[in-house]
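The structure appears below as structure tokens.
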Amino acid sequence: AVLGLGPIGLLFAHVLKTCGAAEVIGVDRVDRSDVAKSFGVSAFAHSSVDRWVMSLDPLARPNVIVEAIGHQITTLTAAITAVAPMGEVYYFGVPDDDVYPIPMNDMLRKDLTLRSGTTWDRRNSLIQASDYLRRYPELMEPYVTHVFPVDEVQQAFEAGVRPAPGQLKIVVEV
């Protein structure tokens, strides 16, 4: 499952699917049903993460959850609650707080793995991203939804901080 289907979450979904995930569940409060399938999402839940977690069948929990929302303590906790026993949660994003409380009882009783990461070698990462895009050029059209000239950078920023249906990657053209 991928929590948060913004531009990064949708790319995570696509990578998971192309790497062999049988099913990719996408969860987002913003309606992404128009693009979910294009990025490999097999089941889209138009829901808050906490409501989605409450609706899960205990026997059908995802083995892997990517938390691609970031900036929220509660969504990491929800991912840990939602993942199947012996599962893995990957936290991606820049945390707003230095310390996030972890539900250690869930971590221990479910024998979970929690991972996180950042881009250390930006040049190599960009080369890999470019190679991936060459393999899947059909991603570009639905991915870049808004292009602003550099003199409208404030409008680009204002759009970017308000996720909306039909809006994914916002580019500022120099």
Item to complete: Can you find, among P163, A129, P149, the residue farthest towards the positive end of the dipole of segment 97-174? Put +1 on the C-beta of Lys and Arg, -1 on that of Asp and Glu.
Response: A129
Worksheet item: By its C-alpha gyration tensor, with a ≥ b ≥ c as the square roots of the eigenvalues, how is segment 89-140 shaped: rounded for a/c under 1.5, else prolate for a/b larger than b/c, else oblate?
Response: prolate
Worksheet entry | Cα centroid of segment 1-30 to Cα centroid of segment 73-148, whole Å | 10
Response to the item:
FRET efficiency (H146, D34; Cβ distance; R0 22 Å; to 0.05) is 0.90
Worksheet item: Relative to a virtual label point 7 Å from the Cα of R134 in the Cα→beta-carbon direction, which members of segment 3-24 show backbone nitrogen distances below 11 Å?
Response: none
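Kirkwood Rh, Cα Rg: Rg to Rh for the chain?
Numbers: Rg = 16.6 Å, Rh = 17.1 Å.
Using Cα coordinates only, the ratio equals 0.97.
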Worksheet item: Can you run phi through the Karplus equation (6.51, -1.76, 1.60; θ = phi - 60°) for segment 101-117 and list ³J(HN,Hα) in whole Hz, with x for Gly and Pro?
Response: x, 10, x, 4, 4, 4, 4, 6, 5, 9, 6, 8, 10, 10, 10, 8, x
Worksheet item: Hey, if you put +1 on the Cβ of every Lys and Arg and -1 on every Asp and Glu Cβ in the chain, which of V27, L112, A68 ends up farthest toward the positive end of that dipole?
Response: L112
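Read-outs throughout are calculated quantities, based only on the coordinates presented, and are distinct from any laboratory measurement. These numbers come from a predicted model, not from an experiment. As a convention, Cβ positions derive from the backbone with ideal geometry for all residues, glycine included, and neighbour counts pool all protein chains shown.
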